[in-house]
Amino acid sequence: MSIDQQKNLQNLKNELSPEYFFDQVNLEIEPKIIAENWNYSQEYDVVKHMEALLRNLPYSLIREQDSNKIVAFELVFQTGMQFHQFCFPEYRRQGFGKAIELDQAQKCIKFGLVPYKVVGFHNKHVMASANRSPFWTRWEIDGKPVVLRYIFHSVGKDNI
């Protein structure tokens, strides 16, 4: 996100309809819910990791007013990368993903982080949305998108 994009984002009023609100996470029980809905949580015990991220770094969380139920959330890694954007299925395609992403980016800027994210190739809808957004700039070299490859390390089994 460029400096101009950051300035424009800071001027944006990111409002939800009255039935929903931005809120804080309940650190006693909700890190487990967040961890259980992360694609990579089976790789290792991430509840304590999620709790540490939520306790120390910016995040965004939306709740439903009537039920107080979590609708969507997004976190940031220690590196400053926005990750684990998740919207519960019954709330998808209603704009909550965009709302938490922009709220999270605004919080990162206030925290002193330059917002950035990666989008998996399989997530074509989100990639198309990011490419259209005035707040994100795709990283390119020679007119081609930069592809990042991640390797997940895990503890080996006894029988290996």
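About its Cα centre, the range 1-137 has a charge dipole of approximately 500 debye under the convention of +1 per Lys or Arg Cβ and -1 per Asp or Glu Cβ, with nothing else charged.
Amide H contacts for residue 83 (H built 1.01 Å from N in the peptide plane; partners 5 or more residues away or on another chain; cut-off under 5 Å): 75, 76, 77.
What ranking do 3, 34, 70 get, fewest neighbouring Cβ atoms within 10 angstrom at the top? Before the final figure, lay out the partial values.
Details: 3 8, 34 24, 70 21.
If I rank by nearby Cβ atoms, fewest first, I get 3, 70, 34.
Hey, which lysines would be in cross-link range of residue 32, C-alpha to C-alpha under 22 Å, not counting anything within fewer than 8 residues on its own chain? Counting by Cα, and skipping residues close in sequence, residue 32 has these lysines nearby: 48, 69.
For residue 124, which lysines qualify as cross-link partners when the Cα separation must be under 25 Å and same-chain residues fewer than eight apart are set aside? Qualifying lysines at Cα under 25 Å: 98, 144. Going from the residue with the fewest nearby Cβ atoms within 10 Å to the one with the most, 132, 92 rank 132, 92. For the chain, adding -39500 (n - 2.57) for each run of n ≥ 4 DSSP H residues and dividing by the number of residues yields -9000 deg cm²/dmol at 222 nm.
When 147, 46, 118, 126 are arranged by Cβ crowding within 10 Å, least crowded first, meaning fewest neighbours, the order is 147, 118, 126, 46. What the phi angles of the range 69-84 give under the Karplus curve with 6.51, -1.76 and 1.60, with θ = phi - 60°, is a coupling list of 6, 5, 9, 7, 7, 8, 10, 10, 6, 4, 7, x, 6, 5, 8, 6 Hz, glycine and proline written as x.
The numbers here are math on the coordinates, done by the rules we state, and not lab data. Here the structure is a predicted model, which means the values were calculated and not measured. Cβ coordinates were reconstructed from backbone atoms using ideal geometry, including for glycine residues, and neighbour counts include every protein chain displayed.
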